[in-house]
Amino acid sequence: MSRIGKKPVPVPAGVTAAVDGQKVTAKGPKGELSFVANDEVSVALEDNAIVVTPVNQTKDARSKWGMSRTMVENILKGVKDGYERKLEINGVGYRAAMQGKNLQLSLGFSHEVIYTPPEGVSLACPKPTEIVVSGIDKQVVGQAAANIREYRGPEPYKGKGVKYAEERIVRKEGKKK
């Protein structure tokens, strides 16, 4: 039994949710999102909460049960509050700046790296060494943050590069004489 899947997803105040067959649509102050559940699970709106249940007790249906419930919860939270990921840049001369909607990164290459955000994602640079990626879709926000981090990931000796704000870099010891 899925412990996560058993819990109904409450619809927060200010958000309207609709279930049409396998499609769950949520509309809130930040925007509108939808999710199409797999045919192995059934989705229903009961008592201002969305309930996800497996159609049968096969391993395949039970494996998709908890994930479907989490996806529904993510779209409800996204249209109400939104999501954001913070990135930090460490290194001498490494910095970020906004260039219109695009992000301009100086990461020690011979050229500037220009990152164009995907649809539904907004970028901000409160400081030259900090980037805030925000949007309503958790999956798209996380992927955009991962794409920015991929340009110059943190290295283990000095910790230089782009890292998540909550990430802890395991440092290695350098050469000894």
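The values are calculated or read from the model by the stated rules, or taken from the named source; none is laboratory data. Here the structure is a predicted model, which means the values were calculated and not measured. All Cβ positions, glycine included, derive from the backbone under ideal geometry; neighbour counts span all protein chains shown.
Give the residues of the range 32-54 that are outside any strand (DSSP E or B) and surrounded by 14 or more Cβ atoms within 10 Å (Cβ to Cβ), sorted by residue number. Please lay out each step first, then the result.
Quick first cut of the range 32-54, residues outside any strand (DSSP E or B) only: 37-40, 47-48.
Scanning the range 32-54 gives A37, N38, E40.
Kindly indicate whether any position in the range 135-142 is outside the structural domain of I50 (by TED's automatic domain parsing) and more than 26 Å from A18 (Cα to Cα). Steps first, answer last, please.
As a first pass, look at the range 135-142 and keep what is outside the structural domain of I50 (by TED's automatic domain parsing): 135-142.
Keeping just the survivors that are more than 26 Å from A18 (Cα to Cα) gives none.
No.
Can you tell me which residues in the range 97-121 are in contact with a Lys or Arg (Cβ under 9 Å, 6 or more places away or on another chain) and either crowded, with 18+ Cβ neighbours inside 10 Å or within 11 Å of K138 (Cβ to Cβ) (or both)?
L105, L107, P117
Kindly indicate the residue of the range 1-31 that is surrounded by 14 or more Cβ atoms within 10 Å (Cβ to Cβ) and of a type in the set (D, E, K, R) and also farthest from N48 (Cα to Cα) among those meeting that condition.
Residue satisfying both the conditions and the ranking: K30.
So which residues in the range 2-42 are more than 21 Å from the chain's Cα centre (by Cα) and on the phi > 0 side of the Ramachandran plot?
Of everything in the range 2-42, those that are more than 21 Å from the chain's Cα centre (by Cα) and on the phi > 0 side of the Ramachandran plot turn out to be G14, G21.
Restricting attention to the range 54-64, which residues are touching a residue at least 24 places away in the same chain (Cβ under 8 Å) and either closer than 17 Å to P10 by Cα or touching an Asp or Glu at 6+ places or on another chain (Cβ under 6 Å) (or both)? Even if it seems obvious, please write down each step before you answer.
So the first thing to find is which residues in the range 54-64 are touching a residue at least 24 places away in the same chain (Cβ under 8 Å), and the list is 54, 62, 64.
Selection gives K64 alone.
Determine if the range 86-103 includes at least one residue that is closer than 30 Å to T25 by Cβ and either in contact (Cβ under 8 Å) with a residue 24 or more places away in the chain or not in a loop (DSSP other than H, G, I, E, B) (or both).
Taking the range 86-103 as the starting set, the residues that turn out to be closer than 30 Å to T25 by Cβ are 86, 101.
Subset that is either in contact (Cβ under 8 Å) with a residue 24 or more places away in the chain or not in a loop (DSSP other than H, G, I, E, B) (or both): 86.
Looking through the range 86-103, at least one residue is closer than 30 Å to T25 by Cβ and either in contact (Cβ under 8 Å) with a residue 24 or more places away in the chain or not in a loop (DSSP other than H, G, I, E, B) (or both).
Each row is one residue, and each column tells you yes or no for (1) within 14 Å of the chain's Cα centre (by Cα); (2) outside any loop (DSSP other than H, G, I, E, B); (3) surrounded by 15 or more Cβ atoms within 10 Å (Cβ to Cβ); (4) modelled with pLDDT of 95 or more.
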| position | (1), (2), (3), (4) |
| --- | --- |
| V132 | yes, yes, yes, yes |
| A144 | yes, yes, yes, yes |
| K158 | no, no, no, no |
| I169 | no, no, yes, no |
| E173 | no, no, no, no |
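Looking at the structure I just gave you, is S122 more than 22 Å from the chain's Cα centre (by Cα) and hydroxyl-bearing (S, T, Y)?
Details: more than 22 Å from the chain's Cα centre (by Cα): no; hydroxyl-bearing (S, T, Y): yes.
The answer is no for S122.
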